[in-house]
Amino acid sequence: MLEGCASLMLLPCLFPLFAVALASSPCPITGLPLVRNISEIPQDDYGRAGLSHITVAGSLMHGLKEVEVWLQTFSPGTHTPIHRHSCEEIFIVLRGSGTLYLASDSHGKYPGKPQEHFVFPNSTFHVPVNDAHQLWNTNESEDLQVLVIISRPPVKVFVYDDWSMPHTAAKVKFPYYWDEQCYNEPPKDEL
């Protein structure tokens, strides 16, 4: 394969060999192919029963700087933890239905009572920076599948036990579950 390569053309000839090696790595930080088949992208539940997560385009996994895209599927009765993060988040509901719980008091001492918003196929919603929220699949007979876009990746998540837990007591989860395998630096204490 390499015999026909001129010295200036060596890198393009070697690219297929590098691509094979990177495809076997869980964290190929070489960018994204222009076109991909989502059904061929690895998915995992990361120890959370009822969740299927696919990082379609990620910062740690693919080298993106400004946005990250996930495809998540929640089985009936499953949900995210109550959490907040310092990035914007947009959801597009592809199938199923559920309830978004959103507490917009990020400047108070604790999230407070959340507002409930019904979500359904082809609906979209936006979660503002640092607003505590939780997404539930409240449909008893169908999976809830959402496309999620976040800004400023990788995401640092603050997790709450309940809606009355003070913001200062929220537990930091960084790197987040799907970024753990790609993160090489130890988390730093922010204080």
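What follows is calculated from the coordinates using simple rules that are stated; it is not laboratory data. Quick caveat: nothing in here was measured; it's all calculated off a predicted structure. As a convention, Cβ positions derive from the backbone with ideal geometry for all residues, glycine included, and neighbour counts pool all protein chains shown.
What the table shows:
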item: For region 31-92: rounded, prolate or oblate by the Cα gyration tensor [a/c cutoff 1.5]; result: oblate
item: Among 119-132, 92-105, the order from most to least packed when residues are scored by Cβ within 10 Å on average; result: 92-105, 119-132
item: Between region 50-75 and region 120-159, the Cα center-to-center distance that results, in Å; result: 12 Å
item: Tensor-based shape of region 135-182 (alpha-carbon gyration tensor, a/c under 1.5 rounded, otherwise prolate or oblate); result: oblate
